[in-house]
Structures are given as C-alpha cells and as structure tokens.
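First comes the structure, then the notes that go with it.
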Amino acid sequence: MSKEAPPSRAEVPEHVRRLLEGSVDAAVALDRERRVLYYNQAYEHYAGLRPRDQRRIVSSGRACYGCFPIEVCQTACLVERAMATGRAVRMDEIRARRSDGEALVLIVTATPITEDVFVETYRDVTADARIQTKYKVLLDRERGAKERLEETVTDRTEALRRANAELKRAQAQLIHTEKMSSLGRLVAGVAHELNNPINFVYGNVEFLGQYLEQLFGLVDLYDRLGGELPEGARREIAQHKERMDYDFVRGDAVKLLRSIRMGAERTAAIVRDLKVFSRASPVNSEMQETDLVAGLEATVHLASPLFRDRIVLHRQYEPGLPRIVCHAGQVNQVVMNLLDNAAQAIAGEGDIWLEVGLTEEGRRITIEVTDSGPGIPEAILGQVFDPFFTTKEVGEGTGLGLAISESIARAHGGSIVVENVGQEGRGARFRVELPLVPPTPRKSAPPR
C-alpha cells in the first residue's frame, strides 16, 4: 500500500470557502499536485461522502481521484488545463453517475484562484438536458410530421396535375373525335353527292367521243365525194373548213376528250379516297378488319397537295401485309397528321419516307414516317405529344395533332414514339406500332 503524500501547504482563501459553501454547484479545491484542499456540501452529496470524510481527506493530502465519480475525473478533470493556461476552462454535457447510480449531465469548470489553488466545479444540468432531449424529440417528431405532410401535399398536387392533364387530353380527344365524326359524315355525304355528276360526266364523255368520231367520219365522206358536188358547194365547204381551222380542231378535240376523261377518273379516285379516309369511326363503334395499305394510299393521295412539287414521298410497303382490326378513319388521321408535320418540318425541297412493315414476332404492324428536316431539339423532344404544345406561331397550329395521334395509338393498344435519326439527309422519325388485333377492353363491373 502506497504511502500517502504529506498535506499540502496551499491554503484556500476564506472568502472562496464561504462562496463555495453557499453554492449549489458541487465544488472541490485542489493544489498543483491535485490534492484535495476543500470541498463543499454539494460535492459531499454527489460523491457520497460524509462530513467527517472531509477532514480525513484534506488532512491526509489525498489526491482527488476517487472522490468524485471516476468517469468524470478521467473525462473532465480540467485542473491540468487550467494550470497550463492560467485561465478558466469549461466543458459542457459531461455524462456521469451520482453515488446512488443516477445518471447525471454536468457542466465542469476549472478556475485558478491563486497560483497554487484551483477550484473545479460541477453544475448539474440533468433536468435541463432532459427537457432539451424531450424538446428535441418533439421537434424531430414535428419536423417529420411536417415533411410527411409536405410529401403528401406534393403527391396529391402531382396527382391533381396528372388528372388535370388527362382531363384536358380527354376533352381534346373528345372534341377531335366529334369533329372527325361530323366531318366524316359530311365528307361521306359530299362524296356520295359528287358521285352522280362525276359518273354523268365520265359516262357522257364516252358517248361524246363516239359522236365526234361519227361527225369526223361524215366530213371525211364529204371529202371523198367532193368531186360529185357542185363547184360552188365544194368551194363553200373548203372556205368553212379553213375559217374554223378544221385540222387543228379535229386533233385538239381528241386531246380535250382525253383530258376530260382523265380529270373525271382522277375526281372519281379522289372521291373514293375521301370515302376511305373519312370512314366514320366513333369512339363507341366496333373496330373492323381493314386493308391498311389501301387506307394509307388514300391518305397519301389526299396529302399530295401538302408536298406542292417540292417534296418527294418514298413509299415502302412490306409485301403480304395482313389485314388489321382498327378504326380505319382514325388510323388514317394519324398518318395524315404525321405527313403534315413532316412536310412542315422541311423548309425547302426535301424527302419523306413512309415505311410499313411487321415486327419480328409478326403480331404488330409498324408505320414509320421520316423526314429530311432539321430534326426536333432535344430540349422539347419529350413534349411533342403534350396537348396544346406547339412550336408554331399563334394561329398556325393548335398543338393537338400529335396528342390526338398518341391517344388514338394507345386506344388501339399500340404506341407512337419519336426520335432524331441523325443520319445525313434525315431529321425526325415517328414510329407507330399497332397490334393486328387490339386487346379487348375490360368491362367495368355492374353497379350493385
């Protein structure tokens, strides 16, 4: 057992003793060898010492180790720092345990009183720490609830935004469908009414040609029998033929009849294309099996004025394409919109490629429209199918064409995508995929 050190010669000033004795903070006075010179009643309470222990500890010159909870002494004994710096040193939130085992939170301070005397105080802030802990828990709980509320608001706002966008899309599609349905009925009626005069012209051109051939034959007969006519009659006929430029009229009449026949045939073809293109396909009507290529050819013929002799259309149809179940008028409208967009994307002369084929598995038909324009800026590539989005000037476009086309493709169980081709001489490519037989829509359960 080691020999105890002799008592310290350092003395604690009387006014310091009185000050510490009246303090609620635990305090102990130490010398440079960290021997205990004095401690107050609060220190006795926390260290579990009895009053007579003070005389024994002080008189023996015992070091402070073990007088207070060991973890405090090892962690927060600041006397050495105070000795080194010559000024007060403080540490906050020191964890310790009282003699009865209760957990404590302390503020420990070491203060030099004289050159050889230092006072270490221990302020109990356990209650404050508990309040702060509870406050922090409540604050964290409130912050978490606020974050969850903000997330809920954000989610619901996004859901409302999507619902609003879907509502606008549905409204736009409904308006477009009604317009197309009305336009289809109108065009079908006009085409039907045009058929009669076209057939009248086309049929009578044949008879007119026959009549002209008979009249020219009669004139030829007069020419052959001219020697048997009186001199005056022959001279009058020759003068009349010269005045009317008979040879020119005879040759030009044949050309005129040929042009009238070609015009009537072209008009009849346009009427047939109008019937195919505008075939009414209301939303609630049944899809029907149709020849897709025939509908596309009709659409191409109707779209030819868009090209205005400045754009060359290249068509490539895979041989032996099967028939497809769809709303023919709506599919034709999609292709018309894509051809219109492609034509507008080309500023001067250019090319458009229309390619139709089957996917590898053979269950879907692909329609690709590629133009030689500048392509679509990457910044807006993902917005081209948004309703009312357009890059055209005010009054030149509604921004519904591609949105409607995308809705029609989805309604048929298909899809439509766009990409910049990036090859020389080509710009944007729209690819439509449609199943040969659309999926059967699910029927909602009857109300109970």
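What follows is calculated from the coordinates using simple rules that are stated; it is not laboratory data. In this text the structure is predicted, and so the values were computed from the model without any measurement. Heads up, the Cβs are rebuilt from the backbone with ideal geometry, glycines too, and the neighbour counts pull from every protein chain shown.
Per-structure values
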{"quantity": "The range 299-312 - phi-based ³J(HN,Hα) in whole Hz, Karplus 6.51/-1.76/1.60, Gly and Pro as x", "calculated": "5, 4, 4, 6, 7, 4, x, 5, 7, 6, 6, 10, 10, 9"}
{"quantity": "Protection-proxy order for peptides 135-147, 31-43, 79-91, each taking the mean of Cβ atoms within 10 Å per residue, highest first", "calculated": "31-43, 79-91, 135-147"}
{"quantity": "Beta bridges by DSSP in the range 281-439, antiparallel share as percent, to the nearest 5", "calculated": "75"}
{"quantity": "Sorted peptide list for 248-256, 297-305, criterion being average Cβ within 10 angstrom, highest first", "calculated": "297-305, 248-256"}
{"quantity": "Cα centre as origin, Lys/Arg/Asp/Glu Cβ charges: the range 281-439 dipole, Debye", "calculated": "160"}
{"quantity": "Computed E for residue 220/residue 168 - FRET, C-beta separation, R0 56 angstrom, nearest 0.05", "calculated": "0.15"}
{"quantity": "Net lengthening on full extension, residue 93/residue 149 (0.36 nm per residue, minus Cα-Cα)", "calculated": "16.7 nm"}
{"quantity": "In Hz, Karplus ³J(HN,Hα) per residue of the range 13-20 (6.51, -1.76, 1.60; θ = phi - 60°; x = Gly, Pro)", "calculated": "x, 4, 5, 6, 4, 4, 5, 6"}
{"quantity": "Nearby aspartates and glutamates by direct alpha-carbon distance to residue 168 (threshold 13 angstrom, same-chain neighbours under 8 apart not counted)", "calculated": "386"}
{"quantity": "Virtual spin-label span in nm between residue 363 and residue 193, 7 Å along Cα→Cβ", "calculated": "4.7"}
{"quantity": "Stretchable slack from residue 381 to residue 81, in nm (0.36 nm times residue separation minus alpha-carbon distance)", "calculated": "101.2 nm"}
{"quantity": "Gained length - residue 211 relative to residue 158, 0.36 nm times residue gap less alpha-carbon distance", "calculated": "11.5 nm"}
{"quantity": "Residue 266-residue 289 FRET efficiency (beta carbon distance; Förster radius 30 Å; 0.05 resolution)", "calculated": "0.55"}
{"quantity": "Packing-based exposure ordering (other Cβ within 10 Å, fewest first) of 376, 260", "calculated": "260, 376"}
{"quantity": "Nearby aspartates and glutamates by direct alpha-carbon distance to residue 134 (threshold 13 angstrom, same-chain neighbours under 8 apart not counted)", "calculated": "142"}
